[in-house]
Amino acid sequence: MWSTDETYRINEIFYSLQGEGYFTGTPAVFIRFSGCNRACPFCDTDHSAYTTMTTDEIMAEVRRFNSHHIVVTGGEPLLQLSTPLLLALKADGYFIAVETNGSLPVPPMVDWVTCSPKEEPWNIDRVDELKIVYQGQDVEAIAERFNAPHLFLQPCSSLNTAETIGYIMAHPHWRLSLQTHKILNIQ
Ligand code: SF4
C-alpha cells in the first residue's frame with residue numbers, strides 16, 4: 001500500500017533537451033534522484049546533495065515547464081521511484097522515461113527505459129533502449145542479455161570516437177549516441 005505522504009530525495013529538477021540516445025533533442029523535464037547503489041570510478045554525476053520533497057512538491061515543480069516528457073534519472077532513480085509519484089505524473093499525462101544502471105526491476109507505468117548497464121548483478125526486467133559507453137568491450141554479449149529494440153554506443157571520450165564509429169559501421173544494428181548537451185554547453 002502506498003502513501004500520499006511519500007517523500008523523495010531529489011538532487012535537482014530542471015528543464016533542458018535530452019542530450020543522448022533515442023530522444024536526443026527532445027525538450028524534457030529532468031528529475032534527478034539522489035543516491036546510487038553503484039560506485040563507478042568514472043561517475044561524472046554529483047548526485048549526493050538532496051532536498052527532501054513530497055509528491056505534491058515535485059509535481060508543482062515539474063508543472064512549471066512546457067514539456068510533458070519527463071526523464072527520471074540519478075544516481076539510480078529506481079532506488080526511490082515509487083507508485084505515488086508515478087500515479088501523479090500519469091494523472092497529468094506525462095510520458096515517463098527512466099535512465100537506470102540495470103540493477104533493479106522497473107515499476108509499471110514507466111513508458112520508456114534507457115539502461116546503461118554498470119556493475120553486475122543486473123536485475124532489470126525490461127529495456128527499450130540500451131546505451132553503452134564503448135571501450136572495446138564485447139557489446140554483443142551485453143545486447144543479447146538485455147534484448148533491447150534500440151541499441152546505442154557512446155564514445156567514452158573524443159579519443160575513441162573514430163573507434164566507436166568504426167564499430168557501428170561494421171555492426172549496423174547499433175547507432176551512435178553523443179553527449180550533445182556537452183557539445184551545446186547546456187545542462
Ligand atoms: S551507476 Fe551511474 S550514477 Fe551510479 S555511480 Fe555508476 S555512473 Fe554514477
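Every read-out reported here was derived from the displayed coordinates using simple, explicitly stated rules and does not represent laboratory data. Every value quoted in this text rests on a predicted model; they were computed, and no experiment measured them. Neighbour counts run over all protein chains shown; Cβ positions are idealised from the backbone, glycine included.
Results, tabulated for the structure shown:
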{"read-out": "Added length on full extension, which subtracts the Cα-Cα distance from 0.36 nm per residue, residue 82 to residue 161", "value": "24.7 nm"}
{"read-out": "Full-extension gain in nm, residue 126 to residue 7, via 0.36 nm per residue minus C-alpha separation", "value": "40.3 nm"}
{"read-out": "Relative contact order of the range 7-56, defined on C-alpha pairs under 8 angstrom at six or more residues apart (%)", "value": "47"}
{"read-out": "Added length on full extension, which subtracts the Cα-Cα distance from 0.36 nm per residue, residue 37 to residue 176", "value": "47.3 nm"}
{"read-out": "Amide H within-cut-off set for residue 133, under 5 Å, with H built and near neighbours excluded", "value": "154"}
{"read-out": "Rg(Cα)/(2.2 N^0.38 Å) for the range 75-170, N = residue count", "value": "1.21"}
{"read-out": "For peptides 77-90, 155-168, 106-119, sequence by mean Cβ density within 10 Å, most packed first", "value": "77-90, 106-119, 155-168"}
{"read-out": "10 Å-binned pair-distance histogram of the chain (Cα, whole percent)", "value": "9, 36, 37, 15, 3, 0"}
